[in-house]
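Asks: I'd like to ask some things about the structure below.
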Amino acid sequence: MSPQTAGVLQLLALIGALALAYRPLGDYMARVYSSEKHYKPEKWIYRAIGANPGTEMRWPAYLRGVLAFSAVSVLFLYALQRLQGVLPGSLGFQSIDPDQAFNTAASFVANTNWQSYYGEQAMGHVVQTGGLAVQNFVSAAVGMAVAVALVRGFARSRTGELGNFWADLVRGTVRILLPMAVIGALVLVACGAIQNFAGIHEVGQFTGGSQQWNGGAVASQEVIKELGTNGGGYFNANSAHPFENPTPFSNLFEIFLILVIPFSLTRTFGRMVGNLRQGYAILATMAVIWIGFTALMMWTEFAGHGPAFEAAGGAMEGKETRFGIGASAIFSVATTLTSTGAVNSFHSSYTGFGGGIQLLGMQLGEIAPGGVGSGLYGMLIMAVIAVFIAGLMVGRTPEYLGKKIGTREIKFAACYILITPALVLCFTAAAMALPTPANSMTNTGAHGFSEILYAYTSGANNNGSAFAGLNADTQWFNSTIGIAMLLGRFLPMVFVLALAGSLAEQKPVPETAGTLRTDKPLYTGLLVGTIMIITGLTYFPALALGPLAEGLAS
Amino acid sequence: MNTSVSTTARLLGAGLRALLVLTVICGVLYPLAVTGIAQALFHDKANGSEIKDKSGQVVGSSLIGQTYHLPKKDPNDAEEAARPDLKWFQPRPSNGLGTNSVNTQYSLILSGATNRSGDNGAVGGQCTKNAEDGTLCAQVIAAKEAVIADNSTATYTVKPADVPADAVTSSGSGLDPDISPAYAKLQIHRVAEKNGLDVKAVEKLVADHTEGRTLGFIGEPRVNVLELNTALKALTGP
């Protein structure tokens, strides 16, 4: 069998597995967020928090909950890293410097997991397991909570109430992420991912001498890193490291974990708004983009254009033998079209066009299928924009799911889609214009520019993957990427919740013969077109200077 | 004003308590439970899949690649270039690692890739011998020359077209435990000659240690270098 055929078969197997999980998981998540019942352990948690999970919140209250929880999380994670040197279980590692500790705290709370540190050389058991891995759970649960609040905004009328943030946070964590993580972690250990609390120890080698091993709760962190679309590796090599991703099967399983919740949430959406076909239309949009990008990526990586790859006989630099080119391409598209940013192969060593596909994937806003929660709300914002554009074309007030998209709604949606490009392009321009940041580049020319564009694209879109040639552990990059990650995560949430509140207050408009049907293939086509045009217009000039210039030169 | 300050304080207090409770659940109970089950059910794998040689000595992990170098002429010379011990099957190259990033070349202290781009070191869109030192072009060209020179024996000549890509590029983790079957095959004649073994015997050894795709389509066929060399040692050694 040729590697190309094997790659396509792996993609088909992945699609099959996702399809099998779609209905049960999507329906289960809808029940989790709609149920009136609180389990006993959850009641203890609510008592400890001091919150009544039955209290309905309007959008400002819901937002205050999100921001308060996230602000405390940043401070807690910052303090934990700053104190590492005096905490037990730190493997003898020092406390993290202030700028890097801020960057890392912002990164993990913002569900980005950009890493300017080297995992196995900087973070001990306490920070990894008790700090970083916890944010892998809760930052994902926050994303899902905000998405569910927006869905409730469409589903409810004449109320303005969006649910209870604390209940959504706790349920997302303990009813959805935790049980899946336990099962997934054990699957990964069965493949060979390590799971222990050993210290740094020496292990014998074939030719004599010894090598130094870090122990770690790797499998338990690896699984939630993928499942929560986080992406922060236990080790510097991330999911290319054999202790994180030991076999071809574990690799396919990890890709499945990345995609399963974001795709299934469209079923949850359809269920909660009482029209499954609306969910399928959103799913179809995501799937078309994802499959198209994966096909393009496989094509360019197997073709392997680029002087060094042609000299080598294939684009295997930065890729592992056990995965090969096909499985690496599938992983790299899954990670950049969601907000994951885990890597099983190094993006900086992809072909010029391959790097462009990764960049474009993030620049779409990570909505195909996107991060857990953030993918769904990002796509729903695009859906609102698409009906607005269609409404302009036919001269009717646009509606979506029985809600009028008026001036107020479209302002919120427009602000949402402007934030991330503004952060990416302004920070990239500043880094290129200032004298020192460019010293961090490993490669020169178009690829060097791509390294910096990639860094801010990854940060502001909360992805976290890197063209890792860039030395990002400088005060400039730690600070500016940290700021980009926080603003890129929480400002959009403000507009999502404001939009949700505004929609929930409306009374539904009855469907007429003139209403645009948003559950038909025509609408899916319109939505894909809208996404591509908006992203293309925003980023084309920057892409032309980086990956396009590199790709066309080789 | 006072009420808004106290409301904010109350809210932050709730956030802190929520974080602490969830930290206990997700950061203490969850990893401990998973570790307990993993250690009970998959003890060897959870601790790094160590493998032992014939004498019972631990020689590393089946998941982590190693170097097979000759001892240094002067053990105190940090600058001395490592020379491969051609008795053993060689892993993927690691020369480019650690020059621009901090990877420690198979010693596991720090994992990672070269992060070099496909046009790194190219002049006029071509990789040539004149490529600047330390660039990906220079590494690939040098690695290819070395693979051809090292593996050609009196009766067996390696042609440039026979050299697979994994033999001249470094991996993502810098710890790749595997090589492609093509690269293993290319080393058979050399290994047989250096060890005084029959080519057929080494061919059989490689065939026995070649692992196909999982279920026939997942991943790529591969040969685990440490397992192969351990078996080779058992065949040749005292």
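The values are calculated or read from the model by the stated rules, or taken from the named source; none is laboratory data. Since we're looking at a predicted model, the values are computed, not measured. Every residue, glycine as well, gets a Cβ built from its backbone with ideal geometry; the counts of neighbours run over all protein chains shown.
Asks: Among the listed residues B:106, B:68, B:30, which satisfies the condition of being within 30 Å of residue A:43 (Cα to Cα) and either of a type in the set (Phe, Trp, Tyr) or in contact with a strand residue (DSSP E or B) (Cβ under 7 Å, 6 or more places away or on another chain) (or both)? Walk me through it before giving the result.
Replies: On the way: B:106 fails: within 30 Å of residue A:43 (Cα to Cα); B:68 fails: within 30 Å of residue A:43 (Cα to Cα).
Every option except B:30 fails the conditions.
Asks: So, one more: Applying the selection to region A:187-213, what residues are surrounded by fewer than 24 Cβ atoms within 10 Å (Cβ to Cβ), assigned to a loop (DSSP other than H, G, I, E, B) and of a type in the set (S, T, N, Q)?
Replies: Across region A:187-213, the qualifying residues are A:196, A:205, A:207.
Asks: Identify, from the list A:498, A:429, A:413, the residue that is free of Cβ contacts under 8 Å to residues at least 12 places away in the same chain and out of contact with any Gly (no Cβ under 9 Å at 6 or more places or on another chain). Lay out the reasoning, then the answer.
Replies: Details: A:498 fails: free of Cβ contacts under 8 Å to residues at least 12 places away in the same chain; A:413 fails: free of Cβ contacts under 8 Å to residues at least 12 places away in the same chain.
From the options A:498, A:429, A:413, the qualifying one is A:429.
Asks: For region A:436-459, give me each residue that is without any contact (Cβ under 8 Å) to a residue 40 or more places away in the chain and more than 14 Å from chain B (Cβ to nearest Cβ).
Replies: A:438, A:456
Asks: Given the structure, is residue B:143 surrounded by fewer than 16 Cβ atoms within 10 Å (Cβ to Cβ), among the aliphatic types (A, V, I, L, M) and either more than 7 Å from chain A (Cβ to nearest Cβ) or not in a loop (DSSP other than H, G, I, E, B) (or both)? Talk me through it step by step, then tell me what you get.
Replies: Values: surrounded by fewer than 16 Cβ atoms within 10 Å (Cβ to Cβ): no; among the aliphatic types (A, V, I, L, M): yes; either more than 7 Å from chain A (Cβ to nearest Cβ) or not in a loop (DSSP other than H, G, I, E, B) (or both): yes.
In short, no.
Asks: Next up: Got a sec? Which of A:139, A:116, A:95, A:90 is surrounded by 23 or more Cβ atoms within 10 Å (Cβ to Cβ) and hydroxyl-bearing (Ser, Thr, Tyr)?
Replies: Working: A:116 fails: surrounded by 23 or more Cβ atoms within 10 Å (Cβ to Cβ); A:95 fails: surrounded by 23 or more Cβ atoms within 10 Å (Cβ to Cβ); A:90 fails: surrounded by 23 or more Cβ atoms within 10 Å (Cβ to Cβ).
Being surrounded by 23 or more Cβ atoms within 10 Å (Cβ to Cβ) and hydroxyl-bearing (Ser, Thr, Tyr) holds for just one of A:139, A:116, A:95, A:90, which is A:139.
The rows are residues; the columns are (1) crowded, with 18+ Cβ neighbours inside 10 Å; (2) within 23 Å of the chain's Cα centre (by Cα); (3) outside any helix (DSSP H, G or I); (4) not charged (D, E, K, R).
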| site | (1), (2), (3), (4) |
| --- | --- |
| A:265 | yes, yes, no, yes |
| A:274 | no, no, yes, yes |
| A:290 | yes, yes, no, yes |
| A:300 | yes, no, no, yes |
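Asks: What do you reckon, is residue B:96 at the interface with chain A (Cβ under 9 Å from one of its Cβ atoms) and either closer than 26 Å to residue B:184 by Cα or modelled with pLDDT of 85 or more (or both)?
Replies: Numbers: at the interface with chain A (Cβ under 9 Å from one of its Cβ atoms): yes; either closer than 26 Å to residue B:184 by Cα or modelled with pLDDT of 85 or more (or both): yes.
Considered against the rule, which asks whether it is at the interface with chain A (Cβ under 9 Å from one of its Cβ atoms) and either closer than 26 Å to residue B:184 by Cα or modelled with pLDDT of 85 or more (or both), residue B:96 comes out as yes.
Asks: For region A:198-246: of the residues being in contact with a Pro (Cβ under 9 Å, 6 or more places away or on another chain) and more than 7 Å from every other protein chain (Cβ to nearest Cβ), which is farthest from residue B:178 (Cα to Cα)?
Replies: This residue is A:229.
Asks: Report, by residue number, each residue of region B:16-71 that is charged (D, E, K, R), more than 8 Å from every other protein chain (Cβ to nearest Cβ) and either buried (at least 21 other Cβ atoms within 10 Å of the Cβ) or assigned to a strand (DSSP E or B) (or both).
Replies: Hit for region B:16-71 is B:52, nothing else.
The rows are residues; the columns are (1) surrounded by 19 or more Cβ atoms within 10 Å (Cβ to Cβ); (2) of a type outside the set (Val, Ile, Thr); (3) within 11 Å of chain A (Cβ to nearest Cβ).
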| residue | (1), (2), (3) |
| --- | --- |
| B:73 | no, yes, no |
| B:123 | no, no, yes |
| B:130 | no, yes, no |
| B:133 | no, yes, no |
| B:154 | no, yes, no |
| B:160 | no, yes, yes |
| B:163 | yes, no, yes |
| B:166 | yes, yes, yes |
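Asks: Restricting attention to region A:75-134, and to residues there that are touching a helix residue (DSSP H, G or I) at 6+ places or on another chain (Cβ under 9 Å) and of a type in the set (Val, Ile, Thr), which single residue is nearest to residue A:485 (Cα to Cα)?
Replies: Looking at the filtered set, the residue picked out is A:112.
Asks: Evaluate the following for residue A:86: is it without any contact (Cβ under 8 Å) to a residue 24 or more places away in the chain and at the interface with chain B (Cβ under 10 Å from one of its Cβ atoms)?
Replies: Working: without any contact (Cβ under 8 Å) to a residue 24 or more places away in the chain: yes; at the interface with chain B (Cβ under 10 Å from one of its Cβ atoms): no.
So residue A:86 fails the test.
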